[in-house]
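**Student:** Here you go, one structure.
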Amino acid sequence: MTSNRPNANPTDAREDATPWSETGKHVGAVLVAGAGISGMQAALDLADGGYYVYLLDREPAIGGLMSKLDKTFPTNDCAMCVMSPKLVDCGRHLNIELITYADVAGIEGEPGNYRVKILRKAKSVDETKCTGCEDCVTQCPSRYRVRPQPEEVFYGPELAPEERDFIERLLREETDVEGNLLWLLQEISHYYRYLPQHALEYLADRTGLPLAKIISVVTFYSAFSLERKGEHTISICRGTACHVKRSRALLKRIEEVLGIGDGQTTADWKFTLETVRCLGCCALAPAIRIGEETFGRVRVGDLEGILGKF
Ligand code: FES
């Protein structure tokens with residue numbers, strides 16, 4: 001959104017904002033919503049053109065999706081090499097003001113004279129002192145329980161003796177906990193069919209690994225779940241090959257039969273339904289998997305017979 005008014009100010013936060021242009025004239029302010037690669041380039045072009053730019057992003061940092069990529073298609077260029085100069089330019093440009101961890105809450109006005117209400121989420125840090133070390137992320141007491149002092153080691157209130165024995169046995173089997181964290185999590189996930197918080201807290205307490213680190217590994221892999229699942233997980237493939245072979249009809253039929261939607265579990269904890277992007281057997285499309293068993297070229301009429309096996 002652009003405005004030709006001098007000092008047009010979308011946030012109300014900077015009534016004294018002084019737009020600047022190469023010609024020395026005030027030409028107004030612009031709000032660019034989304035600070036991915038396109039938003040950053042747009043902000044830089046506008047700022048170079050003389051507009052005062054508010055570059056807004058809902059994430060705590062600018063960069064968007066591209067900052068998570070390794071290479072870019074089709075040239076195979078290093079993503080960070082492409083975007084790093086733009087990150088720096090956006091941070092330093094005198095005509096760009098970054099508004100991160102915020103969202104547009106409302107817009108009013110007309111072309112050339114907009115007022116935008118911005119909802120800023122609490123960062124709970126003093127931005128003038130922040131060095132970007134991320135220590136506050138790993139130690140956030142509201143997101144991750146504050147680690148106890150050694151003398152008051154926490155044993156999850158729901159950790160039954162047999163659960164504790166199970167985890168202790170794993171820890172006796174594997175002394176290099178950090179190097180084999182994935183294996184430990186797989187075993188615990190297999191035991192519970194998900195990763196309950198109290199088991200992760202116990203693991204953190206016993207091994208000294210930060211709970212935040214364990215959770216970051218858990219949330220990185222889609223094979224792990226922090227929510228309890230049913231005895232059998234039904235995975236309906238919605239990848240391209242299965243999609244063209246009408247896997248949507250399979251999903252709809254299973255939803256009707258079990259009375260649950262994608263990501264839900266039946267009341268008796270028997271089945272959890274989920275959709276996946278590819279089961280790795282596209283030649284058998286449409287495919288579904290229940291537990292460890294994969295079924296290919298499934299027709300809607302086959303479904304009740306397949307479910308009956310479980
Ligand atoms: S797209 Fe369904 S198995 Fe690959």
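**Student:** Suppose the chain between S124 and N180 were pulled fully straight at 0.36 nm per residue; how much longer would it get relative to their current alpha carbon spacing?
**Tutor:** My answer for the length gained is 16.8 nm.
**Student:** Right, here's the next one. Output the Kirkwood hydrodynamic radius of the stretch 29-120, Cα pairs only, in Å rounded to one decimal.
**Tutor:** After inverting the pairwise mean of 1/r, the radius is 13.8 Å.
**Student:** Over all directions, average the projected area of the Cα convex hull of the stretch 150-220 and note it in nm².
**Tutor:** Result: a mean projected hull area of 4.6 nm².
**Student:** Any idea what the dipole of the stretch 150-220 comes to, in debye rounded to 20, about its Cα centre with Lys/Arg Cβ at +1 and Asp/Glu Cβ at -1?
**Tutor:** Result for the stretch 150-220 is approximately 240 debye, rounded to the nearest 20.
**Student:** Cross-link partners among lysines for K245, C-alpha distance below 26 Å, same-chain residues fewer than 8 apart left out?
**Tutor:** Filter leaves K309.
**Student:** Taking 8 Å as the Cα distance limit and 6 or more residues as the minimum spacing, I'd like the relative contact order of the stretch 32-109 as a percentage.
**Tutor:** 38 percent
**Student:** While we're here: Could you work out the equivalent-ellipsoid semi-axes for the stretch 232-308, taking the square root of 5 times each eigenvalue of the Cα gyration tensor, largest first, in whole Å?
**Tutor:** Equivalent-ellipsoid dimensions as semi-axes: 19, 12, 11 Å.
Every read-out reported here was derived from the displayed coordinates using simple, explicitly stated rules and does not represent laboratory data. In this text, all values refer to a predicted model and were calculated from it rather than measured experimentally. Virtual Cβ from ideal backbone geometry, glycine too; neighbours counted across all protein chains shown.
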